[in-house]
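Input: a single structure, listed below in structure tokens.
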Amino acid sequence: MPDSYVSSFLERWFEWSTTSGLRVLIISVVMVLGLAIVKRAMDRFQKVYEGALPTEGQIKRATTLTHVIRDVGRVVILAMGGMMIMSEVGVDLKPILAAAGLGGLAIGFGAQSLVKDVITGFFILLEDSIRVGDVVEIAGVGGVVEEVKLRTVTLRDLSGNVHVVPNGVIDKVKNMTKVYAFYLFEVGIAYREDVDEVMAVLRDIAEELRRDPQFAEDILEPLEMLGVDQF
């Protein structure tokens, strides 16, 4: 009797492995290849635009969109592949899809913040207000933007701490590196010094920095001085 059970099990297992099991294997391989292709394509695209785009702002925007496209591609591949595998192993997808439809009602309740995050993230990308590499201040947190996703923005502050900010709480953005940035500094001098001579020295230093290859591309305009504003 046990032998018949074992024999029956082996027959069913062999039949499944040569039909649905084989399809599950193929789907899994296609998913892995799809994920690898998406990553390779986005990496290749990033190398191309870094050498082709003329301005740093355009490169930042392209980098941001590349990261989002990569993430969306992964989600789509995993979702489609997962549903196909569940179908092959005998899971009835109709109740799941029906539950997903009913789950749409949760948007007005528990998922409200999630939907708000995604919608805000979409408009952040559309309006190009935050890009990877920008120095920004959002939701009371400042730092360099490391990632922009549909749901969150990741910042790293000057202390090296990482902050993940949900897009839904971003109501105001202070972008300190959009197109260009000013730095205002005060230079104190002694009463005995010649003000005109000090200003001439500052101009000479500024011109030397503009000619220095290490700083030249970061200094867009000549130094502007307001003069003496307090004693």
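The values are calculated or read from the model by the stated rules, or taken from the named source; none is laboratory data. Keep in mind that this is a model prediction, so the values were computed, not measured. Note that we place each Cβ from the backbone using ideal geometry, even for glycine, and neighbour counts take in every protein chain shown.
For the stretch 157-171, the tally of residues that are surrounded by fewer than 12 Cβ atoms within 10 Å (Cβ to Cβ) and assigned to a strand (DSSP E or B) stands at 1. For the stretch 57-91, filtering for residues that are of a type in the set (K, R) and part of a loop (DSSP other than H, G, I, E, B) leaves 0. Look at the stretch 119-138: where a residue is on the phi > 0 side of the Ramachandran plot and touching a residue at least 60 places away in the same chain (Cβ under 8 Å) and a partner is assigned to a strand (DSSP E or B) and not acidic (D, E), sitting 6+ places away or on another chain with Cβ atoms under 9 Å, you get G133/V144; G133/V145.
Within the option set V173, V169, V179, V145, being over 14 Å from V135 (Cβ atoms) and either assigned by TED's automatic domain parsing to the domain that holds M225 or among the hydrophobic types (A, V, I, L, M, F, W, C) (or both) holds for one residue only, V169. Only a single criterion out of (1) surrounded by fewer than 16 Cβ atoms within 10 Å (Cβ to Cβ); (2) modelled with pLDDT of 85 or more; (3) among the β-branched types (V, I, T); (4) closer than 30 Å to I59 by Cβ is not satisfied by V136, namely (1). When we screen V48, V72, V76, V29 for residues that are surrounded by fewer than 14 Cβ atoms within 10 Å (Cβ to Cβ) and at pLDDT below 80, the only hit is V48. Checking each residue in the stretch 206-215 for being out of contact with any Leu (no Cβ under 7 Å at 6 or more places or on another chain) and either surrounded by 11 or more Cβ atoms within 10 Å (Cβ to Cβ) or of a type in the set (D, E) (or both) picks out E207, E208, L209, R210, D212.
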